[in-house]
Amino acid sequence: MQLSDILIEGPWGERHLLGLEKLSAGQIETVLNLAEHLDRVTEGGTRKLDVLRGLVVANLFFENSTRTKTSFSLAARRLGADTVDFTASSSSLSKGETFIDTALTIEAMGVHLVVCRHRTPGTPHLLARHLKSGVLNAGDGTHEHPTQGLLDILTIRRRFGHIHGLTVALVGDIRHSRVARSNIHGLLKLGARVIVCGPSTLVPQEISKLGVEVACNLDKILPEVDCVNLLRVQFERQRGAFFPSIAEYAHFFGMNGQRIRRAKDHLLVLAPGPINRGVELTPEVADGPHSAILNQVSNGLLVRMACLSLLAKEAGIQAPVAAAGGAV
Ligand code: CP
């Protein structure tokens, strides 16, 4: 099977996936539709394909990750690509090698696509300017996390069948959240109403310029909401105290059984993870019938397979044709 055999019609044309801000609604829908198609072709991600055979995907993670790194690796291997996992803490960065020299070195080993996570906003954009490879942003500081935004949107679309007309609340640490920005760009383009809600210290006022509504009382907005995405409090990015105590945060902004009972019956609860049980949501909600947290993880595999395929196509990478009678 060739890459062209699994690709479907739809606008794309991007060499890199750096964020959702610059993508059109049509391009976002191309990723979502391809993810759905790959779900069918791979029988739920269980059937391995060989459409990216010969392609090498490097995971360059300069920040910790469980979901994104594992998911990109598995997505690449499910499509027949080889993967290289780079861990900053055990690399020659400690000997003074620069970030760009590190990336160029890994690329020189025959890499075609680079997945990058870094604490500094704009790092994947910098890589895209220096490398020949296609670059996928796996989270750059507080800026964007495009594949998380796409998998969140796919999870919502799978539940409701559409995005247009839905009200989605992003609740929590909006100030430090790259997931919030990618969700905002993607959801607005697809016609959702987006409300951001959190302690006033964690919701920058200028966020309303993106086209979202700003709220500081979760109980007031909850009855209008179809989907709530509970963003983690990013303690590792905060300088100083943004609220008096975790207990107070959970009291005002945590999703719990009482709040679920006051919400719409069909409320969809998302959380990008990792979750802090008892802070953004109680275990009763995390493990309850409204929660799609593990569906998000499964959908992440489909979205990342779709993104890798689209970028491989733009890079002109084709699986080598097997010799007659040879194994594929
Ligand atoms: N949601 C997310 O990006 O999780 P990881 O940090 O585990 O990759």
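The values are calculated or read from the model by the stated rules, or taken from the named source; none is laboratory data. All values derive from a computational prediction rather than experimental measurement. Don't worry about glycine lacking a Cβ; one is built from the backbone with ideal geometry, like all the others, and counts go over all protein chains shown. Each accessible area value is taken on the protein alone, full model and side chains, heavy atoms only, with ligands, DNA and RNA left out. Shrake-Rupley method; radii C 1.70, N 1.55, O 1.52, S 1.80 Å.
Just to confirm a number: summing +1 for Lys and Arg and -1 for Asp and Glu over residues other than R15 whose beta-carbon lies under 11 angstrom from that of R15, what do you get? Can you show the working numbers first?
On the way: positive: K132, K313; negative: E14, E314.
After counting each charged neighbour, the total is 0.
Placing +1 on each Lys and Arg Cβ and -1 on each Asp and Glu Cβ, with no other charges, gives region 1-124 a dipole about its Cα centre of roughly 320 debye. Shape index of the chain: Rg/Rh, with Rg the Cα radius of gyration and Rh the Kirkwood radius from the inverse mean 1/r over Cα pairs, equals 0.98. Among L136, L154, L222, the largest mean-square fluctuation in a Gaussian network model of the chain, built with springs joining Cα atoms closer than 10 Å, belongs to L222. Ordering L126, I156, V57 by Cα displacement along the dipole of region 55-161 toward the positive end leaves I156 in first place; charges were set at the Cβ atoms of Lys, Arg (+1) and Asp, Glu (-1). Largest GNM mean-square fluctuation across A241, A306, A35, computed for the chain with C-alpha springs under 10 Å, falls on A241. Take the Cα radius of gyration of region 163-245 and divide it by 2.2 N^0.38 Å, N being the number of residues; the result is 1.04.
Scanning the chain for long hydrophobic helices, with DSSP H runs required to stretch 20 angstrom or more by C-alpha along their axis and to average at least -0.5 on the Kyte-Doolittle scale, returns 25-41, 146-160, 293-314. On a per residue basis, the chain carries 42 Å² of accessible surface, using protein heavy atoms and a 1.4 Å probe.
Mean separation of Cα pairs under 8 Å and 6 or more residues apart, divided by the residue count, gives region 146-296 a relative contact order of 25 percent.
With the whole protein complex present, V279 retains an accessible surface near 20 Å², based on a 1.4 Å probe.
Taking the convex hull of the alpha carbon positions in region 64-128 and averaging its projected area over all directions gives 4.8 nm². Here the chain is treated with +1 on each Lys and Arg Cβ and -1 on each Asp and Glu Cβ, and its dipole about the Cα centre works out to around 120 debye.
Taking only protein heavy atoms and a 1.4 Å probe, the accessible area of the chain is 52% carbon and sulfur.
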